[in-house]
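Structure, as structure tokens:
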Amino acid sequence: MSARAFGRVLAAVTIASVTIPPVANTAWAATPPGTVRGLATSAAEPGLSSEPPPESPLPPDAKAFGQSIKLASVRRHLERLQEIAKANGGIRAAATPGHEASVAYVADRLRAAGYQVTLQEFGIPFFHERKAPVLARSSPAARAYLPGVDFQTMTYSGSGKITAPVQGVDLVLPPAPNATSSSGCEVSDFKGFVRGNIALIQRGSCSFQAKAERAQAAGASGVVIFNEGQPGEALADRRILLRGSVNTSSIKIPIVGATFAAGKELSAPGTTATLAVDAESDPDRRTRNVIAESRRGDPDRVVMLGAHLDSVMAGPGINDNGSGTAGVLETALAAKDLRTRNRLRFAFWGAEELGLLGSTHYVAHLSAAERTKIKLYLNFDMIASPNHVLGIYDGDNSDTGLDTHPPAGSDRIERLFQAYFDAVGKPHQDADFTGRSDYGPFIKAGIAAGGLFTGAEGIKSAEEAAKFGGKAWAPYDRCYHQACDTLANIDDGALAVNASAIGAAAYTYAYARDLPGDPITPGPAGGPRVGGPSRGPSTGGGGLGHDHRHEPPGLLR
């Protein structure tokens with residue numbers, strides 16, 4: 001565990017009577033009378049409280065509400081998610097019992113708080129290895145290859161265990177200087193193939209799916225597809241471990257990818273090997289999103305917050321993304337009695353780790369009318385990384401230099417989070433706004449979005465270590481997508497300040513008269529709308545370029 005940059009507890013703020021002034025032409029509005037958990041409000045018409053600076057998008061009561069979100073309460077949700085994972089094989093991945101138990105926990109807490117809860121079901125292509133795969137040569141000399149190092153099961157591989165001769169299929173050894181192999185791409189490549197043998201195929205020219213289909217049709221009992229062999233940088237290096245996927249419905253035999261070195265060794269004449277894969281596949285396994293909506297506020301003006309609820313198959317996912325889940329859930333529970341101007345909606349997505357499938361399904365099934373009601377979406381994915389930075393999604397691309405244009409209003413969301421961190425005296429920086437987490441489908445649909453992120457597998461720079469503490473030249477989260485992503489992987493300081501920021505943002509937008517997703521209307525003398533800054537995108541350089549995300553498995557070649 002790396003050094004922690006913050007203290008363990010962010011103190012709660014107790015205020016006897018806090019209100020928001022009903023000042024015209026501001027982006028926020030007065031708090032209606034009522035009882036708010038953690039804040040005592042007057043039953044009379046709200047009066048004046050100390051105003052924020054005119055340029056600040058953060059109302060003073062929003063800061064107080066955010067700081068009423070207690071670290072201990074957020075951690076209790078993480079503890080429950082850890083217990084659920086432990087009781088279900090160490091995982092909470094989509095369409096597994098661990099995820100279903102996580103869905104039940106979140107939904108039950110929200111129902112008890114008075115929210116209208118919907119469990120939105122959708123199908124996913126499910127794949128899970130029940131046991132570690134095996135690839136071992138028995139002749140001409142015995143050797144066991146290491147899964148994850150020398151070879152790896154291809155996603156949606158069939159299952160089986162065989163020991164058989166290895167037969168090369170149109171191999172180019174030594175490899176050509178440039179990628180030219182078409183091994184296994186033509187039916188004629190399998191002329192003379194002996195049924196029952198393990199097909200050894202080289203990467204190149206056509207998809208893994210096409211190679212596997214032709215090998216299966218030729219009678220292969222299993223397939224090893226190895227990298228082609230040309231040197232290069234990073235993923236362009238065609239010597240490294242080959243990872244990929246095949247189609248769930250058509251391939252019934254074991255398929256693995258391998259390094260060039262392993263494939264070259266297996267190509268030796270007289271090689272016999274054992275190949276074993278024990279996996280479960282289902283092209284339409286059902287899983288669910290949890291959607292909870294408040295019973296107050298204008299239903300045509302929706303403020304939406306979300307976090308993905310699923311883990312990867314490799315571990316319990318307590319930082320990724322129990323941390324975001326816990327922060328959003330505790331904000332929802334704290335906001336249950338707010339008499340809001342706008343409608344609050346909270347989402348806990350399924351199957352994010354498989355390619356944003358839950359949020360994509362949700363947005364795709366919104367009618368045009370329902371889509372226009374969502375005025376903004378806030379996303380929280382990994383907010384307690386042990387070697388963290390405090391990243392705010394770069395809503396105007398002013399600092400990360402990406403050639404993208406977030407929807408209008410996204411820059412205002414960024415400024416709100418900046419104002420909160422400034423107000424509580426915490427450093428912050430921009431995070432790449434690439435669309436590779438659950439905000440992606442929303443920005444594609446033109447919905448203003450933003451959120452927080454503390455880093456994943458990327459490496460912390462010396463400048464970041466000086467600014468945020470922690471260890472330079474080490475991953476933000478050394479347990480990213482691993483079994484060690486447990487409670488011990490959580491930084492309480494990052495969790496506390498980010499959970500409070502979630503609460504402050506939810507509170508601000510719950511009462512705002514002017515929301516980031518509202519149409520831009522001319523102000524006095526034809527200027528921008530009164531109540532918010534102009535929202536044109538811009539570009540620049542620098543920023544947190546390690547946006548944690550997942551691409552759906554593809555049919556690589």
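Just a few scattered comments:
- Entries in 63/375; 131/264; 131/460; 426/471; 86/444 that, when Cα-Cα distance is taken, lie over 29 Å: 131/460; 86/444
- Dipole of the stretch 360-483 [Lys/Arg +1, Asp/Glu -1 at C-beta], most positive-end residue of 482, 443, 374: 374
- Label zone of residue 191 (point 7 Å out along Cα→Cβ, amide N under 13 Å): in the stretch 217-231 this covers no residue at all.
- Taking only Cα atoms of the stretch 430-489, radius of gyration then Dmax in Å: 14.2, 38
- With a Förster radius of 60 Å applied to the C-beta separation of residue 111 and residue 139, the computed FRET efficiency comes to 0.45.
- Charge-dipole axis of the stretch 256-386 as Lys and Arg at +1 and Asp and Glu at -1 on Cβ define it, positive-most pick from 304, 365, 355: 304
- The residues packed around residue 511, meaning those with a beta-carbon under 10 Å from its beta-carbon, carry a net charge of +2 if Lys and Arg are +1 and Asp and Glu are -1.
- Relative to the globular-protein estimate of 2.2 N^0.38 Å, the Cα radius of gyration of the stretch 364-451 stands at 1.11.
- Net +/- balance of residues flanking residue 259 in space, Cβ distance below 12 Å, scoring K and R +1, D and E -1: +1
- When only alpha carbons of the stretch 289-364 are considered, Rg and Dmax amount to 13.4, 42 Å.
- Annotation: extensible slack from residue 234 through residue 210 equals 6.1 nm (criterion: 0.36 nm per residue apart, minus Cα-Cα distance).
- Surface per residue (accessible, 1.4 Å probe) for the stretch 419-470, Å²: 31 Å²
- Net charge, residue 85 excluded, C-beta distance under 13 Å - Lys, Arg +1, Asp, Glu -1: -3
- FRET E, pair residue 180, residue 261, Förster distance 22 Å, beta-carbon r, rounded to 0.05: 0.65
- Note on the stretch 309-414: Cα convex hull, mean projected area over all directions, 8.8 nm².
- Solvent exposure, largest accessible area first (probe 1.4 Å, DNA, RNA and ligands not counted), of 211, 375: 375, 211
The values are calculated or read from the model by the stated rules, or taken from the named source; none is laboratory data. Predicted model only: the values in this text are computed from it and were never measured. Reconstructed Cβ throughout: ideal geometry from the backbone, glycine too, with neighbour counts over all protein chains shown. Surface areas here come from the heavy atoms of the whole protein model, side chains and all, with no ligands, DNA or RNA. Shrake-Rupley method; radii C 1.70, N 1.55, O 1.52, S 1.80 Å.
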